[in-house]
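Taking it in order: structure first as structure tokens, then the write-up.
The values are calculated or read from the model by the stated rules, or taken from the named source; none is laboratory data. These numbers were taken from a predicted model, which means no experiment stands behind them. Counting neighbours? That spans all protein chains shown, and the Cβs are built from the backbone with ideal geometry, glycine included. Accessible surface is based on the protein model in full, side chains and every heavy atom, while ligands, DNA and RNA are left aside. Shrake-Rupley method; radii C 1.70, N 1.55, O 1.52, S 1.80 Å.
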Amino acid sequence: MASAQTSVYERKDRHIIRLRKICDTVCRIGFRKLLSWLTCQWDCSSTTFEAYLRSKGNVSMTGFKSALKPDQKKAMRKDPQGDSWDVTLLFLLITWGNEFLADKDDPIWKTRGLSLEFLITSVKNERNSVMHTLEEIDESDFFARTEGIRKQLTEMLNFAGKVCSHVSQNEIDITIQELNDIINKCRDDPLDPKNFNDYKNQLMFPHQRNLVLTDGKAILCKRHSKYEIIAPVSHLVRASVPLDQVYTKMVLETETKPHIEVTLENLLTDGKKNITNSIILVVGEAGIGKTTLTRKIVNDWSKGKKDIQCLECFDIVLHAECRDYIDSFKGLLSYSMPEVAKSFLGDDMIFVIGDLKTLVVLDSLDELNPSTTRLFKEILQLKEVYDNLTVLVTTRPEAEKTYFHHVKSSLCTTKHIKILGIPPEKRGEFVRKYCEEIKKQGLVKHDFKSLLQYLERTENRLGYLWLSPYNLTLLIVLWVLKRDISSITTAPELNWEIIAIYFKKLEERLSNNKETQHLSQKKLKEKIMKFFGTLCWEALNALVNNEITLDVTAYQRLVNQCTKLKIPVEEMVGMFLKQTTTSSGTRYSFPHKGTQEFLAARYIFTQLTKKFTSLNFQKINSRIQNVLSQSAVATDVSDNIIKLVEEELKKNLPQASASSVNSPHAQTTSVIRDILERLEGTQAIDLPKYQSLLTYLIGMFYQEPNRIKDNAKLEALKLLQETGVTTSTNWIDILNGVKCDPFVASFISSQCDILKGDIGIADSSLFAYISLIQALKSTDGENEQTNISISIREDSTDINELLNEINMKEFSVINLEFHYDFRYPSAKLISSFAVNRLFERCEVKRYTGAFYANMKLPESLRHLTVSVNSEESYQNLVNQLPSSKAHLTLCLGSDLNSSSVTEAPSTDYNPYEGHQAAPSRLTYNPVFYPVLYLPDVNENNLSDAVLKAKNLNIWYIDSISFPKCTLSLQNIIRLKKELAAAEVRVSYCLKFPSYTKPSREDEHDNWKELHSHGSISWGDGVLDRW
């Protein structure tokens, strides 16, 4: 017969439970009654205690609020009448609000003697001793302590009656009898298991709550301190950069239209400075700054910063990455606060957390594994139960449906935010801060001005690439290692450049390693590439399983490959993977998901090259025939078998027609799909999660065009369509990120009306449109329905190629803007022949750029922004101005002498005709005054610049801008005087770069000279970027 189960609690443990129950209950009731007697003017039924204190007029409300802890403030709001207030809070309120006793800071509260103040303190101290420090007590001690508490309370209440004359003795006696009844019941109760658990829960909850708020919070702050430092590529550049020093503002906006800008400061609020009740979903592309954002939030909370609204309101902030192996909320608590979690049984800690204001930050929902999927589901369930729980989740766009799939069955609402990365005006700041931190650590000595200049120069062309903090960090790494960055134009090229550094460093290390130093460079490279191939396969395998961290089996396969190749494991693995040490052991993960996807794409690319290696059918047939003949197979049967084998091989390895992707010969293969299906173990593969992988793959087709057959490219493109890339905007976004070969461009242009309607071509999409237009067949008259606007801000040798392709395909162009040529006409980057051809063919409305001696303006022009830098160009321009109806913005280059600037011929058209003060001369005929630019003005050529403006002989100039000028304040005043003396009339103002702006005092002292005869403006976007 089985023995009865014994309780883990001994008799003496039950005495402690009883005594604590007595202390906690009777002291609380006694103190609450005492508070009402000592604050007789407080009507708790209609007035809060805070309002009562304020009405007294002699209490520092700031000091009172500072004395209250957050949980005490919450308790007072939750129960204004105070029936549930604990002893600590009641004692605090008695000392602050009583109307009969000494001030709270008076020594009498702590001085032994016959005073009510000391009696109150004694009861409080005895209660705290029993609740917090008493660990063991026998039966005799239990009864002695019980009677001691009874005596202290009785003495305190009776003494209060003497102090508070308004309290009757009858009320005092009733209160004492009530407390005695409670003491006796607790002392004599048999304490059966049910009651015992009730007592335990009532008594332990406040202490458990306090444990989380003190020890738990301290542990969390210590754990979160690891996010103070960021080192995304520490294996290449061993720099540890403080997050606070380099964190830069990122663009956030609501996903729903109309898009409203959101700041990090109000991310956690509902728009009214209250904590939002919705789940905050932050969506962004790979490397765009989602993880940095979450770490900034967690780090700020642990440091007590108040920059983010409402962040300081959270008692607890929990953080987890979906790549982790945490399968429950209880597990998350144990992971986050391991020492504190040991003090809780069952789900007790969850109940405590539910009572606290808690923020749960879950990063990278796109990396969910089976464990964290269960965790996320449980968090959603808890969110429905606990109003104090706030949840912030980040994910990539392709995993949004995963989020909404889980949320749709819950009652939770979503605050949907999109993160767009670092804005253009902040990227230089980010790079500068990062580089300064690296220089402080002595890791680099060369100057980073060239890097900032490269960033600024490529902003318009590669701005999409520099949105990403991760890409900017990789760029900084290349600068640190003194690599050539001028040829980098796409994310795949950036990643491949980093991989090339890995290879180079590995060759250096293996050359000096005793295990491999005997090998030739050729052998070392072969071994590195074989290991790299295995790593790429592991990257794909992990990606299929929604993992970024390698499991034990995957890591062992890498170890086995190193053993087989006889190369050191630590060197190989440490170069490519990030190592993390946890309580469960060392784990290895890819440094970034974008890197993992690039490696996975590389594996598929390699497989495609193998699959499409040309086969020697004659040799295969010969070998099969030999086997069949040796097996005595009949000749006719043998011939049929050989024929079937050859047909099957050709069917699986078709030759795509290069002439057209719509050709029936361009059959789609299923190599990529087969690989993914085999790894996923199902035909219903989750294609959207492979969108970035497929994009990288298409970029590799361009980089190595001759290694892949067209039908393999066709499969990749059709799979990309299945991930959701279907519209013109989707395809242009893809092409902005990678370069494409003619076959890919031909496919894209054939799938949607990407070259129809109104098209805007900027720096970032220049190469994409060149590829698309090159791939397009010329169709008579069809392309004339497309109106193209070109706006290129930076220098690019590809512009003329674009113009030639547009002319060949007879597209209609309405706007031509070449801003770099306008600023630097001497560069002569644009083919005047190609521009003239467009002027002849199309009704161009706007032209910005350099004006050359052989250019002829079209009659359709309405906006003309040109710079001239030679006498021939200037004369050609002024000869055509009388017949032009375009609004003129003219830049007279520094190489053009004032003697070459002559008055343009008068025109018959005068917009002032009929007005009393109509000017007698006008060399230019639109209603709007022309705008003038005079670059490179200094104290030596100042007078020549004035002569240029004078010789134009224009009645009124709208404004004159002076880019790249180096004039002092006194020379600017001199310039104004000379312009006035030369009768150069300026309607609006003179514009100078911001760096020429004088101090406030200097401007004030010279106000009259500066602002008479027209105003001056300092700082202009165009001037400062000139």
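Here are the numbers for this structure:
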read-out: Size of electric dipole in the chain: Cβ of Lys, Arg +1 and of Asp, Glu -1, about Cα centre, debye, nearest 20; value: 1840
read-out: Reachable lysines from Lys1008, criterion Cα separation under 30 angstrom, eight or more residues apart if same chain; value: Lys948, Lys950, Lys964, Lys976, Lys977, Lys991, Lys997
read-out: Accessible area per residue in Å² at 1.4 Å probe, computed on the chain; value: 47
read-out: Quotient of C-alpha Rg and 2.2 N^0.38 Å, computed over the range 329-412; value: 1.12
read-out: Sequence-distant residues sharing a close amide H with Ile230 (under 5 Å, placed H); value: Val241, Leu243
read-out: ³J(HN,Hα), Karplus 6.51/-1.76/1.60, whole Hz, each residue of the range 808-818, x for Gly, Pro; value: 5, 8, 6, 6, 8, 10, 10, 9, 10, 10, 10
read-out: The range 703-836 - charge dipole about Cα centre, Lys and Arg +1 at Cβ, Asp and Glu -1, debye rounded to 20; value: 240
read-out: Cross-link pairs Lys564/Lys713; Lys33/Lys272; Lys401/Lys525; Lys527/Lys709; Lys445/Lys504 - those with Cα-Cα distance over 31 Å; value: Lys564/Lys713; Lys33/Lys272; Lys401/Lys525
read-out: Kirkwood hydrodynamic radius of the range 242-367, from inverse mean 1/r over distinct Cα pairs, in Å; value: 16.1
read-out: Distance in nm between pseudo-label sites at Phe205 and Ser46 (7 Å out along the Cβ direction from Cα); value: 3.2
read-out: Global size of the range 284-351 as Cα Rg and Dmax, reported in angstrom; value: 14.3, 41
read-out: Calculated over the range 725-868: convex hull of Cα atoms, volume per residue (Å³); value: 98
read-out: Difference of contour (0.36 nm per residue) and Cα-Cα distance, Val637 to Lys56; value: 198.1 nm
read-out: Sequence-distant residues sharing a close amide H with Lys578 (under 5 Å, placed H); value: Ser589, Phe590
read-out: Virtual spin-label span in nm between Asp758 and Glu677, 7 Å along Cα→Cβ; value: 4.6
read-out: Loop-located GluC sites (Glu not before Pro) in the range 302-354, at most 10 other Cβ atoms within 10 Å (DSSP); value: none
read-out: Over the chain - Rg/Rh using Cα atoms and the Kirkwood inverse-distance radius; value: 1.10
read-out: Rotationally averaged projected area of the range 785-830 (alpha carbon convex hull; nm²); value: 3.1
read-out: Pairs beyond 20 Å (Cα-Cα), from Lys530/Lys566; Lys73/Lys296; Lys377/Lys415; value: Lys73/Lys296
read-out: With all protein chains modelled, accessible area of Lys74 [1.4 Å, Å²]; value: 50
read-out: At R0 = 41 Å, FRET efficiency that the Cβ-Cβ distance of Lys530 and Lys249 yields, to 0.05; value: 0.35
read-out: ³J(HN,Hα), Karplus 6.51/-1.76/1.60, whole Hz, each residue of the range 675-684, x for Gly, Pro; value: 4, 5, 5, 5, 6, 7, x, 7, 7, 8
read-out: Computed [θ] at 222 nm, deg cm²/dmol, the chain (DSSP H ≥ 4; -39,500 (n - 2.57); rounded to nearest 500); value: -15500 deg cm²/dmol
read-out: Cβ-based charge dipole, the range 362-414, positive-most Cα from Ser409, Phe376, Leu365; value: Ser409
read-out: Percent accessible area from carbon and sulfur atoms, the chain, protein chains only, probe 1.4 Å; value: 49
read-out: Proximal aspartates and glutamates to Lys110, defined as alpha-carbon separation beneath 15 angstrom and excluding residues fewer than eight positions away on the same chain; value: Glu126
read-out: Extension reserve of the Asp1002-Asn125 stretch, reckoned as 0.36 nm per residue once the Cα distance is removed; value: 308.9 nm
read-out: GluC sites (Glu not before Pro) restricted to DSSP loop in the range 979-1026 with at most 13 other C-beta within 10 Å; value: Glu983
read-out: Packing rank of 716-725, 143-152, where each peptide gets the mean count of other beta carbons within 10 Å, highest leading; value: 716-725, 143-152
read-out: Point-to-point label distance, Ile182-Asp798, nm (Cα→Cβ direction, 7 Å offset); value: 8.0
read-out: The chain - share of DSSP beta bridges that are antiparallel (%, nearest 5); value: 20
read-out: Built amide H within the under 5 Å cut-off of Ile957, gap 5+; value: Arg985, Val986, Ser987
read-out: Positive-end extreme of charge dipole, the chain - chosen from Thr553, Pro568, Val480 (charges on Cβ); value: Pro568
read-out: Options Val283, Leu888, Thr848, ranked by Cα towards positive dipole end of the chain, top entry (Cβ charges); value: Val283
read-out: Sparse-neighbour loop sites [trypsin sites (Lys or Arg not before Pro); the range 287-342; at most 16 other C-beta within 10 Å; DSSP]; value: Lys303, Lys305, Lys306, Lys342
